[in-house]
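Working notes for the structure below.
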Amino acid sequence: MLQRKLLVLGLMLSCGAANAQWDRIVGSVTSIGEPTERWVSIRGGNTAYLVDVEEGEVKGTLPLSRFSPAVRPHMTQGKIYTYGSYYKRDVYGDLENVLISFDIETASPVGEIPLPVLPAGIGHSGMIALIDERFVGIWNITPAMSVTIVDVINNVAVGEIATPGCAAVYPLGRGFMMPCGDGTIQYITLSDTGTEVSRARSPAFFDVMADPVFDYAVPTGAGWMFVSLEGLVYEATLNGGGVEISEGWTLNPETNGTKDVNGVEFARDDSWRIGGRQAFTYSAEAGLMMTVMHEGGGQETFEKPGKEVWAFNMTTKNRGYRLKMEGDQTVSAVQLTPGNDPLLLLMTSTGLQVHDASTGRKIRDINVSGNLIQNLF
Amino acid sequence: MSDREQLIQQLLKDLDARTTGAIRFLAGHTSRRSFLGKLGVFMAGMGAFPVLPVLREANAQNVTPRQQVNGVADIVEMGDPQQCEYWRYCGMSGTLCTCCGGSNTQCPAGSQTATVAWVGTCHNPADGRDYLISYNDCCGKSSCGSCGCSRSEGDKPVYFPSKSNSILWCFGSTSHAYHCTLALVIGHGDSNSMR
């Protein structure tokens with residue numbers, strides 16, 4: 001009898017020891033970790049993927065609405081903002097427009113601020129901006145154009161600023177720039193409470209019918225870089241109360257007959273155009289600019305994916321290398337990570353690619369797709 | 001006094017004379033009670049104007065082609081409206097309503113027409129003329145998804161909205177969920193300056 005009891009006890013103990021190697025039947029929840037300068041957000045479908053491109057891993061996701069074009073990180077608050085429009089029955093019914101804040105560590109929503117105006121619901125990273133760490137600006141079109149200002153310190157929508165004929169929100173100091181249909185860049189200065197103090201316009205430097213600039217722009221540190229559909233590159237900066245535009249330079253100067261130091265003619269590239277969902281990027285620290293390029297077509301191809309990425313040395317404004325996509329692969333978005341030694345990120349038709357920016361050498365593929373790459377820092 | 005001023009003076013004198021004559025005629029042939037009665041009938045009749053059958057695009061569920069605009073009637077057409085190469089789609093970017101239960105002039109059942117649109121100018125190879133095309137989105141349902149088409153000729157950035165197909169053109173409908181896009185012929189291209 002005693003032997004039988006000892007046998008049963010022994011079996012029970014051995015079963016417990018064997019079970020210790022299995023997971024609990026209910027999974028646990030992880031936190032997202034500490035983001036670095038090499039973390040990015042990829043907007044794909046109704047999801048923002050938070051990706052560590054150094055390690056090549058998706059670290060977490062944020063749920064977005066079908067009308068959320070981009071996110072806006074606020075790293076000193078440890079939050080990521082986005083706006084969303086939500087119908088009660090997904091595509092119809094009562095509508096709620098809200099600015100949503102997510103806690104980065106838990107990738108969970110932690111706040112909502114109702115928006116007074118229907119946001120544009122389309123576009124790219126220029127549709128939502130963090131202004132002076134204090135305000136979030138959101139571009140609206142109803143079809144009247146305006147910008148909603150939200151105070152993210154006091155968590156309240158301050159109001160709406162009318163911006164007829166001008167689109168997007170590109171923050172600079174306590175204000176923001178926006179390209180306008182009359183060929184100018186407008187700058188609106190905000191007060192401490194988020195109301196408009198003043199507005200100024202640059203001289204007209206492009207003709208919207210002949211060669212307009214993209215409504216997408218990238219920061220230069222001192223201002224914003226705008227590129228025309230024909231490939232002219234400009235920088236808009238502030239000077240006193242006014243907006244200054246630099247002399248434009250072209251991405252593809254005539255190469256007919258141009259020879260290298262060995263006397264060999266460069267391949268003709270005059271028919272190549274800039275285009276894509278995120279067609280260019282710039283790193284002031286590394287002195288690099290990257291563009292997505294496709295061959296042929298007219299200006300209307302400005303959103304067409306490319307077959308090559310061109311890299312420019314911004315000291316000389318000369319092209320350093322041409323990166324060709326493999327086979328039928330195309331590229332629609334390009335981004336450089338922050339810092340002196342940035343990584344080049346390409347959103348291709350087969351997923352995210354990470355390259356060394358200075359050489360163009362491919363480092364890895366990451367299994368994530370989307371249409372917008374945004375740095376968290 | 002210049003010729004122009006003399007003409008104006010003469011016009012005012014003529015107007016005075018005719019108004020005075022008309023009032024005297026009315027006073028001589030109409031009693032006060034009769035005048036007030038006719039005025040009352042006129043004012044009551046004004047109230048019926050809003051129910052007359054006029055075009056109210058904002059409330060219409062189906063857009064009808066405004067083919068009389070600029071004399072665009074009975075245009076000669078060839079081609080398959082379910083193919084992106086069809087001549088009206090030169091500025092198209094989106095899903096063709098012709099593949100979703102609608103047509104080029106009518107939104108599919110259950111969706112709503114937007115009352116504001118972007119425009120393009122397309123060449124009709126059948127008669128060799130250019131036409132102004134209005135691309136109106138149909139909204140309020142999830143995207144149809146069939147027959148995607150992005151020719152985008154003349155497309156501009158969003159700060160020039162009348163020529164931008166990147167905008168969610170669901171203005172005027174109760175939902176801005178995009179379903180598909182119409183292609184309405186609204187005029188001859190050569191009589192407009194909206195290229």
Scanning the range A:281-308 residue by residue, those away from every other protein chain (no Cβ under 14 Å), within 28 Å of residue B:90 (Cα to Cα) and not small (Gly, Ala, Ser) turn out to be A:291, A:292, A:293, A:295, A:307, A:308
May I ask you to list pairs of residues, at least six apart or on different chains, whose Cβ atoms are under 9 Å apart, with the first in the range A:82-93 being at the interface with chain B (Cβ under 9 Å from one of its Cβ atoms) and the second being of a type in the set (Lys, Arg) and part of a loop (DSSP other than H, G, I, E, B)? A:85/A:66; A:90/A:66; A:91/A:66; A:91/B:141; A:92/B:141
Of all the residues that make up the range B:150-172, how many are surrounded by fewer than 23 Cβ atoms within 10 Å (Cβ to Cβ), more than 7 Å from every other protein chain (Cβ to nearest Cβ) and under 15 Å from residue B:139 (Cα atoms)? 1
Of B:144, B:122, the only residue that is of a type outside the set (Gly, Ala, Ser), buried (at least 18 other Cβ atoms within 10 Å of the Cβ) and in contact (Cβ under 8 Å) with a residue 60 or more places away in the chain is B:122
Across (1) free of Cβ contacts under 8 Å to residues at least 60 places away in the same chain; (2) over 16 Å from residue A:186 (Cα atoms); (3) not acidic (Asp, Glu), residue A:223 clears everything bar (2)
If a residue must be more than 9 Å from chain A (Cβ to nearest Cβ) and within 20 Å of the chain's Cα centre (by Cα), how many such residues does the range B:135-149 contain? 4
Selection status of residue B:187, within 7 Å of another protein chain (Cβ to nearest Cβ) and surrounded by fewer than 24 Cβ atoms within 10 Å (Cβ to Cβ): no
Look through the range B:127-141, keep the residues that are modelled with pLDDT of 95 or more and over 21 Å from residue A:300 (Cβ atoms), and return whichever of them is surrounded by the most Cβ atoms within 10 Å (Cβ to Cβ). B:138
How about the range A:199-246: which strands (runs of 3 or more DSSP E) wholly inside it have at least 1 residues that are within 19 Å of the chain's Cα centre (by Cα)? A:223-227, A:232-239
Out of the strands (runs of 3 or more DSSP E) lying entirely within the range A:1-74, which hold 2 or more residues that are more than 17 Å from the chain's Cα centre (by Cα) and either at pLDDT 95 or above or among the hydrophobic types (A, V, I, L, M, F, W, C) (or both)? A:57-63
Of all residues in the range A:252-306, count the ones that are among the acidic types (Asp, Glu), out of contact with any Ser or Thr (no Cβ under 9 Å at 6 or more places or on another chain) and either surrounded by fewer than 12 Cβ atoms within 10 Å (Cβ to Cβ) or not in a loop (DSSP other than H, G, I, E, B) (or both). 2
Restricting to the range B:83-111, count the residues that are out of contact with any Asp or Glu (no Cβ under 9 Å at 6 or more places or on another chain) and over 16 Å from residue B:146 (Cα atoms). 3
Does the range A:102-111 hold any residues that are outside any strand (DSSP E or B) and touching a Pro at 6+ places or on another chain (Cβ under 7 Å), and which are they? A:104
Would you be able to say whether some residue in the range B:119-127 is away from chain A (no Cβ under 14 Å) and among the charged types (D, E, K, R)? yes
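The values are calculated or read from the model by the stated rules, or taken from the named source; none is laboratory data. Treat the numbers as computed from the prediction; the structure is a model and nothing was measured. Counting neighbours? That spans all protein chains shown, and the Cβs are built from the backbone with ideal geometry, glycine included.
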